[in-house]
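Novice: Below you'll find the structure I mean.
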Amino acid sequence: MSTTVLTLSSRNYGAWALRGWLMAKWVKLPFKEHIVSPDDPAMRAEIMLLSSSMRVPALAHQGIHVWDTLAIGEYLNEIKPKAGLLPADLAARAHCRAICGEMHSGFGALRSSLPMNIKAHFPKFKIWSRAQSDIDRITDIWRECLDTYGGPYLFGKQPCMADAMYAPVVTRFMTYDVALDDACTAYVSTMMALPSMQEWVAGAALEPDEIDMLEAEF
């Protein structure tokens, strides 16, 4: 039997890596990790949003190689359909795919001005208008999902693909001290309390590497 391998990058800075890793954890797929160092020039370019290639995360499973986080999520849903990465209801499933796609392709201002940096904390961070527009849209999405499906996760009682896609945003909101209403604050707390999120954050804390260009300044 071939070994399942998930290729990852920095836990501290790797937003896409976090998404893929969470989904693999949530469907209970055993895997080994292959870590590509942020010192690798191509990986550094990707983390810094300077490369269109998506080397991480990448999943190798039973001779099949899947990259791109959405593709990994769809693949995991196919091989582990009972795990609930996508909602069972057709309308909810379409809604989930839509907001996952919106995260996958959008929110560039948020990504560039509030880069993922789990180990850092910037109280009263100055958020520019374009990034604030992204934040407003994301919190609208969260509130609509929580109201529609009852929480505590975006589509109900268990985390799904949408929660994985927005998990790096959860960490960004904490890093940059983003003001949130009660519903969104509760969602952030719910996500951060997940054992899988705590495991990832603990791993990030052990990383010695720093990428200066991803260290936000006031």
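The values are calculated or read from the model by the stated rules, or taken from the named source; none is laboratory data. In this text the structure is predicted, and so the values were computed from the model without any measurement. Quick reminder, even Gly has a Cβ in these numbers, built from the backbone with ideal geometry, and neighbours come from all protein chains shown.
Novice: I'd like to check something: does segment 22-39 contain any residue that is surrounded by fewer than 20 Cβ atoms within 10 Å (Cβ to Cβ), modelled with pLDDT under 90, closer than 25 Å to Ser113 by Cβ and out of contact with any strand residue (DSSP E or B) (no Cβ under 7 Å at 6 or more places or on another chain)?
Specialist: Checked segment 22-39: at least one residue is surrounded by fewer than 20 Cβ atoms within 10 Å (Cβ to Cβ), modelled with pLDDT under 90, closer than 25 Å to Ser113 by Cβ and out of contact with any strand residue (DSSP E or B) (no Cβ under 7 Å at 6 or more places or on another chain).
Novice: Let me ask something additional. Here are the criteria: (1) without any contact (Cβ under 8 Å) to a residue 24 or more places away in the chain; (2) surrounded by 23 or more Cβ atoms within 10 Å (Cβ to Cβ). Tell me which single one Val188 does not satisfy.
Specialist: That leaves (2) as the condition not met.
Novice: Go through segment 52-96 residue by residue and tally those that are touching a residue at least 24 places away in the same chain (Cβ under 8 Å), among the charged types (D, E, K, R) and out of contact with any strand residue (DSSP E or B) (no Cβ under 8 Å at 6 or more places or on another chain).
Specialist: 1
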